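What follows is one structure encoded as C-alpha cells, with my remarks underneath.
The values are calculated or read from the model by the stated rules, or taken from the named source; none is laboratory data. Predicted model only: the values in this text are computed from it and were never measured. As a convention, Cβ positions derive from the backbone with ideal geometry for all residues, glycine included, and neighbour counts pool all protein chains shown.
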Amino acid sequence: MAHNDKYHYDRSDERDPSRILIVAHDARRRSWIDRAIKQNDLTCEAADSSAEALMLVLKYDGGTGEGCDKAFDAVVIDTPVCTPAAMKLMRELGQRHIATLLVCPQVTFEQAVEVMRTGAADIIPADVKPRELCKRLRAALKIDPHDTESTATRAKADAATKGQPMSTDAKAAGEFARLIQGELDVETLLRHALEFVLARVGPTNAAVFLPGSTGEYALGAYVNLSCPKETAEVMLDHLANTAAPKLENTVGVIDLSDPTMLEKALGEGAEWLQGQRVLAFACRQENECLAVFVLFREEARPFAADSAQALSMVRDEFGRQLARVIRIHHRHLPRDKWGAPGDGWDSAEDDLAA
C-alpha cells in the first residue's frame, strides 16, 4: 500500500509508537480521554488550552534534531464549542500535516466544513464511547486495530536505508490526500479522483459506481476514452447493475484482463468488457463499500505494472475522504437514516471526456 505523507510520514523508523496530544480545558475530560487512549497502548501528553498545545507542537515539531522523537502524530481537541482559538490551532496543525480530531457537541454544518478544510481528520460527538474514540483515532493514524505500531513509524518502508527520501509513489499519495482533504462535495471528489487516475495510468475509460441505501449501484462519474458516446452511458448503467455488486467485496486492486477471470469475477457483466484490459477496485471503510472503480481500455494498450499501486492510493484516500463527507453531511441523523452517495444527495454523473 502506498503511503500518504499527510500525517508526519517523514520521521525516523526508530521512534516510539504514536504520540497523541490531548487538548481540553476541562480536567475531567482530559483525564477521560487520556485513560481511553492509554488503554489502547498509545502515548499521550496533555494541554489545557489551545495556546499551550500550540507551544508544545512548535517545540517538538521540527522534524529533526532535539525533541524530534517527541513530535506528535495526532492531536485530539476536546471543546464544548468550536472557538476561534480551536480553529486557529486546527489550521496550524493542518499546515503541519498532523492528524487532528475535534471532539465537540456543538458544531454547525458551516463550522464542520471549515474544520474539515483545515485538514482535520474527523469530527466526533462529545458523548463518544472510549472504544469508538480510539477506533476513530486509529483510523486517522491509519493503525491496524490489532497493531500498536503506527503507520508513521513504518512510513519509510519504501526507503532502503535511513535518510533516503520517500518514493515518488508516497509523495504522489500525499499530494492526492492534500488535494481532497478539505473537499466536501462528492462530485468534486469524483473529478479529482478520476483526474489523478488519468495522470497516473494514462488515458483510459473509467467509471465510478456509487451504492445507494437500497443496495443498488448508480453511475457516479465516468471518463469516456473510446466508447461510442451514444451507447457509453447505456453500457455503464448495465455495469452498475451487474459488475459493481460483484466487485463490492473485493480486496485490493484486481486485474481482470484475462477473459476467464473477467467472466468468473463479473458473471453477466463480463460481456460488456470482453476484449478489454480491465482493472477494478472497491473503496471500503468500516466494512462498507462506498464506491467501485472500473478502468478498461483496448487489449493492445495494457496497463503498466505499477498501475495497481497508483490505484491503491486512490482507493485508500478517496474512500477515507468519502466516509468523512458522509459523516459530515449526516452527523445530526442516526446512522440508520443516513443516505448513501448513490442516492444522489450530493453527486452527479460527470463525463470528463465531454
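Structure notes:
- Any hit, the stretch 255-277, residues being buried (at least 16 other Cβ atoms within 10 Å of the Cβ) and either under 18 Å from the mean Cα position of the chain (by Cα) or of a type in the set (V, I, T) (or both): no
- Filtered residues of the stretch 97-134 (kept if closer than 24 Å to R315 by Cα, modelled with pLDDT of 85 or more and basic (K, R)): none
- Any hit, the stretch 233-248, residues being surrounded by fewer than 22 Cβ atoms within 10 Å (Cβ to Cβ) and within 18 Å of the chain's Cα centre (by Cα): yes
- When residues of the stretch 278-305 are limited to those that are over 14 Å from I254 (Cα atoms) and under 20 Å from the mean Cα position of the chain (by Cα), the one surrounded by the most Cβ atoms within 10 Å (Cβ to Cβ): A291
- Some residue of the stretch 198-221 being at pLDDT 85 or above, farther than 16 Å from L290 by Cα, touching a helix residue (DSSP H, G or I) at 6+ places or on another chain (Cβ under 7 Å) and of a type in the set (F, W, Y): no
- Per-region count, the stretch 64-80, residues at pLDDT below 90, over 24 Å from the mean Cα position of the chain (by Cα) and of a type outside the set (D, E, K, R): 4
- Subset of the stretch 155-190 [modelled with pLDDT under 50 and touching a Phe, Trp or Tyr at 6+ places or on another chain (Cβ under 9 Å)]: A155, K156, M166
- Enumeration of residues in the stretch 87-100 that are surrounded by fewer than 22 Cβ atoms within 10 Å (Cβ to Cβ) and either of a type outside the set (K, R) or in contact with a helix residue (DSSP H, G or I) (Cβ under 8 Å, 6 or more places away or on another chain) (or both): M87, K88, E92, Q95, R96, H97
- Residues that are in contact with a Leu (Cβ under 9 Å, 6 or more places away or on another chain), at pLDDT below 90 and among the charged types (D, E, K, R) within the stretch 265-283 are absent altogether.
- Verdict on R178 being surrounded by fewer than 20 Cβ atoms within 10 Å (Cβ to Cβ), of a type in the set (K, R) and within 19 Å of A280 (Cα to Cα): no
- In the stretch 322-354, residue modelled with the lowest pLDDT [restricted to those that are under 14 Å from L194 (Cβ atoms) and buried (at least 20 other Cβ atoms within 10 Å of the Cβ)]: S347
- Restricting the stretch 37-63 to residues that are in contact with a strand residue (DSSP E or B) (Cβ under 6 Å, 6 or more places away or on another chain) and not in a helix (DSSP H, G or I), the residue that is modelled with the lowest pLDDT: L42
- Only one of the numbered conditions (1) touching a strand residue (DSSP E or B) at 6+ places or on another chain (Cβ under 7 Å); (2) not in a loop (DSSP other than H, G, I, E, B); (3) not charged (D, E, K, R) is violated by S257, and that is (2).
- Of residues in the stretch 1-36 being crowded, with 17+ Cβ neighbours inside 10 Å and polar (S, T, N, Q), the one modelled with the highest pLDDT: S18
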